[in-house]
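Okay, so here's the structure we're looking at.
The values are calculated or read from the model by the stated rules, or taken from the named source; none is laboratory data. Predicted model only: the values in this text are computed from it and were never measured. Every residue, glycine as well, gets a Cβ built from its backbone with ideal geometry; the counts of neighbours run over all protein chains shown.
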């Protein structure tokens, strides 16, 4: 099976963060410790659940709408679902790549705009 994810560094509020770009992800997810560290504004929870990578169900705590991520000097607004987890994590779906005409090469491990 081909690799569907690549690790990269993005900036959120000028803070560098490790992130995973995943072609199989249906949503972008950030963990609650990361939200607190970055002082992002969250909305009221909607009570939905998602199934994460390890196939467990997690409650969606809230949503951050149009979080401004900086990826290779391009500002990209992304909606983030917030889940509670013990680690800092950022998982990014890649639907924004079409809008910004970005190409992701797993072989070369690079993202180009």
Within the range 12-64, work out how many residues are in a strand (DSSP E or B), under 17 Å from residue 84 (Cβ atoms) and in contact (Cβ under 8 Å) with a residue 12 or more places away in the chain.
12
Cβ pairs under 8 Å, 6+ apart or interchain, first in the range 76-90 and free of Cβ contacts under 8 Å to residues at least 24 places away in the same chain and at negative phi, second surrounded by 15 or more Cβ atoms within 10 Å (Cβ to Cβ) and part of a strand (DSSP E or B), ordered by first then second residue, are 77/67; 77/69
Given the conditions (1) over 19 Å from residue 5 (Cα atoms); (2) out of contact with any helix residue (DSSP H, G or I) (no Cβ under 7 Å at 6 or more places or on another chain); (3) modelled with pLDDT of 80 or more, and given that residue 103 satisfies all but one, which numbered condition is not satisfied?
(1)
Counting only residues that are closer than 19 Å to residue 10 by Cβ and over 16 Å from the mean Cα position of the chain (by Cα), the range 42-75 contains a total of 1
Which count do you get for residues in the range 1-47 that are touching a helix residue (DSSP H, G or I) at 6+ places or on another chain (Cβ under 7 Å), loosely packed, with under 14 Cβ neighbours inside 10 Å and under 15 Å from residue 79 (Cα atoms)?
1
